[in-house]
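See structure below.
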Amino acid sequence: MSVVESAKDAFRSENNSPWRVGLSMCATWSLGVSMAAGLTLLGIWGFAPFVVWMTFNVLSVPLFVVVYLKFPQIQKFIDFRIMQLVMVFVLFAYITINLNAMVEVVGPGIELLTYQFLSETGAVTLAMGVSAALFVFIYFTGLNGSISTDIFQYAFQIIGAMLIAVTGIIWGTPGVDVPATADTSVWLIAATVGLLSGPYVDPAQWQRIEKAPQLETGLWAGFWFGIYIIFVLLAALNFGPESLLHGILLVIVVYSVSTSTMDSTAAAFQRILQNRQLALMVGLIGVAIYPWFGGPVGTSWAVFSEYRAMISGTIVAIAVLLTVIPGLDVEMFKTKLDGDTADIKTGD
């Protein structure tokens, strides 16, 4: 067996242990913007809002797993046609969000940095090339390949953030200027509700809990994300915006997070579309149209985020009703909703 074949078999191999799948759920949940968002959030809103944001980020995936296991009827929702349409949009949005993060961290875009590594054209070209390569890689290795790479991507996230924190402490860099906490109650309510509702419309999270449907999987996800977000805080408090090393380390962290979510997106397309070739084609189209449609998709995502909690709340409410009321069956809702969706598509 060749070295290439051995490597492909290693990435294709099954490993459904809760700690490993939980780590993959964590790495997938960390969108590419999470590092920069943490730095910005701390610098604009203050320490208390950051802690609230951090806490609900840690709780989101474990609570999703609890609901998934406690109300088993919810497990069929990912196969609802209308849910799949929503999830396909979410995946396209994730492509844009993570491409934005990869472009901004090496090109012009992040105000925290006083320099840039590449021109905007170079940054876009690099981000699109890396993303396209990931979609091809997942075409061959599938979900198991995504879960396997998440281990390395997560390790680079932690090491990069840790080195920023340690070198910042040693050098005495000023870090983010943390202001006095302002009245952010309205913003925080919207943010926490959005975070808690996020996993329900993210097919990558559903795909992973299907592999290891255990409470331990969710607890591991929260544990791994807690470690990551603590290092984000330490890195923010010791980040040197004029430090070349910190700039390079920030690129490593953001690219590790972004590529982790990007290859999870590629695998999730396979789960929703049930066809590897179609998933590859759709994913590559999503990457290819980024220079022209990245802005509109980002705007649409901002609008969708306002309704995400309503969608997730409806899913949970229906699952609860199906569990506690005898005689109700999830297929009743599936037939009705999928029928309505078909009518919309055909114009009947």
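Listed here are the residues, each with its yes/no results for (1) of a type in the set (D, E, K, R); (2) in contact with a helix residue (DSSP H, G or I) (Cβ under 6 Å, 6 or more places away or on another chain); (3) at pLDDT 85 or above.
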site: ILE95; (1), (2), (3): no, yes, yes
site: VAL103; (1), (2), (3): no, yes, yes
site: MET128; (1), (2), (3): no, yes, yes
site: VAL136; (1), (2), (3): no, no, yes
site: TYR139; (1), (2), (3): no, yes, yes
site: ILE147; (1), (2), (3): no, yes, yes
site: SER185; (1), (2), (3): no, no, no
Would a scan of the range 54-64 turn up a residue that is in contact with a helix residue (DSSP H, G or I) (Cβ under 9 Å, 6 or more places away or on another chain), polar (S, T, N, Q) and either modelled with pLDDT under 85 or surrounded by 17 or more Cβ atoms within 10 Å (Cβ to Cβ) (or both)? yes
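Residues of the range 235-250 being part of a helix (DSSP H, G or I) and surrounded by 18 or more Cβ atoms within 10 Å (Cβ to Cβ), which ones? Can you show your working first?
We begin by selecting, within the range 235-250, every residue part of a helix (DSSP H, G or I); these are 235-237, 244-250.
Those that are part of a helix (DSSP H, G or I) and surrounded by 18 or more Cβ atoms within 10 Å (Cβ to Cβ): ALA235, ALA236, LEU237, HIS246, GLY247, LEU249, LEU250.
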From the residues in the range 213-232 that are at pLDDT 95 or above and among the small types (Gly, Ala, Ser), which one is surrounded by the fewest Cβ atoms within 10 Å (Cβ to Cβ)? GLY222
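Residues are listed down the side, and each one gets a yes or a no for (1) surrounded by fewer than 22 Cβ atoms within 10 Å (Cβ to Cβ); (2) hydroxyl-bearing (Ser, Thr, Tyr); (3) assigned to a helix (DSSP H, G or I):
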| residue | (1), (2), (3) |
| --- | --- |
| PHE50 | no, no, yes |
| LEU69 | yes, no, yes |
| GLN116 | yes, no, no |
| VAL136 | yes, no, yes |
| ALA155 | yes, no, yes |
Kindly establish whether SER197 is at pLDDT below 95, closer than 24 Å to PHE71 by Cα and outside any loop (DSSP other than H, G, I, E, B). yes
Please determine whether any residue of the range 249-262 is at pLDDT below 80, farther than 21 Å from GLY122 by Cα and under 26 Å from the mean Cα position of the chain (by Cα). no
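Within the range 200-220, can you find the residues that are among the small types (Gly, Ala, Ser) and under 16 Å from ASP79 (Cβ atoms)?
Quick first cut of the range 200-220, residues among the small types (Gly, Ala, Ser) only: 204, 212, 218.
Result: ALA204, single match.
The values are calculated or read from the model by the stated rules, or taken from the named source; none is laboratory data. Everything numeric in this text was worked out from a predicted model, so none of it was measured. Every residue, glycine as well, gets a Cβ built from its backbone with ideal geometry; the counts of neighbours run over all protein chains shown.
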